[in-house]
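A.B. asks: To start, I am sharing the structure in question, which I have written as structure tokens.
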Amino acid sequence: TPPCQHQPAAMCKGLASLPTCCLERAKELKARLGSILQKPDWSLPCCKIGKHRPTLEECLKWKESFEKLLSSKYGLCAFTAFLVSEFSEENIAFYFACEEYKNTKSPAKLSAKAQKIYDEFIGSDAPREINIDHETRDITKANMLVPSPSCFDMAQHKIYMLMAKDCYPRFLRSPAYGDLVCQAKPSTKATKLMP
């Protein structure tokens, strides 16, 4: 693979430089991500990086802010895949479950949806337990007595901040992000400027 113009050559070596055990693990994670994204509840948007790749301009915008990364279909997909590789995809899944929950129109459905989110992400036996402090957990549990659209706000904010201050900077320094930048298609503006 020729060196990338935008990142050091080491970041663009791709999968060929990885040991076989890492490649097997990557295949397992890819399968795991696929099953997460196909969950009927709070499924995450996904993209097909292939012929529909993000532009270089879009990839570079993700560095401007965490919000810009999350608002991009491709950025969200790449970030989610990164979280899967770090075994912390429950954070982004919880964040979007809360977003969906806040948009629930029927007050009658709030209680059941709240319980489902609590059981999935916050309860002591939660299969995808998020990492929040005891105070936040206790406040959220108390909010569950009378579920409202804002009952997960504190926990959601803590997870958002965790991702923004910890996961997001690591994503931007990751080989996965570097490879995306290297493989991004040029923007149409840049293509028109070329002779």
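A.B. asks: Pairs please, first residue from segment 153-166 and closer than 10 Å to Thr136 by Cβ, second anywhere and open to solvent by 60 Å² or more (accessible area, probe 1.4 Å) and aromatic (Phe, Trp, Tyr), Cβ atoms under 9 Å, 6+ apart in sequence or on different chains.
C.D. replies: No pair meets every condition.
A.B. asks: Confirm whether Glu58 is among the acidic types (Asp, Glu) and within 16 Å of the chain's Cα centre (by Cα).
C.D. replies: No: the conditions fail for Glu58.
A.B. asks: Just one of (1) farther than 30 Å from Ala112 by Cβ; (2) crowded, with 19+ Cβ neighbours inside 10 Å; (3) modelled with pLDDT under 95 trips up Ala176, so point out which.
C.D. replies: All conditions pass for Ala176, except number (2).
A.B. asks: Output the number of the condition that Ser111 fails; it satisfies all remaining conditions of (1) among the small types (Gly, Ala, Ser); (2) under 30 Å from Glu57 (Cα atoms); (3) open to solvent by 10 Å² or more (accessible area, probe 1.4 Å).
C.D. replies: (2)
The values are calculated or read from the model by the stated rules, or taken from the named source; none is laboratory data. As the structure is a computational prediction, the values presented were derived from the model and not from experiment. Methodologically, a virtual Cβ is constructed for each residue, glycine included, from the backbone with ideal geometry; neighbour enumeration extends over all protein chains shown. Side chains are part of the model used for accessible areas, which takes the heavy atoms of the whole protein and leaves out ligands, DNA and RNA. Shrake-Rupley method; radii C 1.70, N 1.55, O 1.52, S 1.80 Å.
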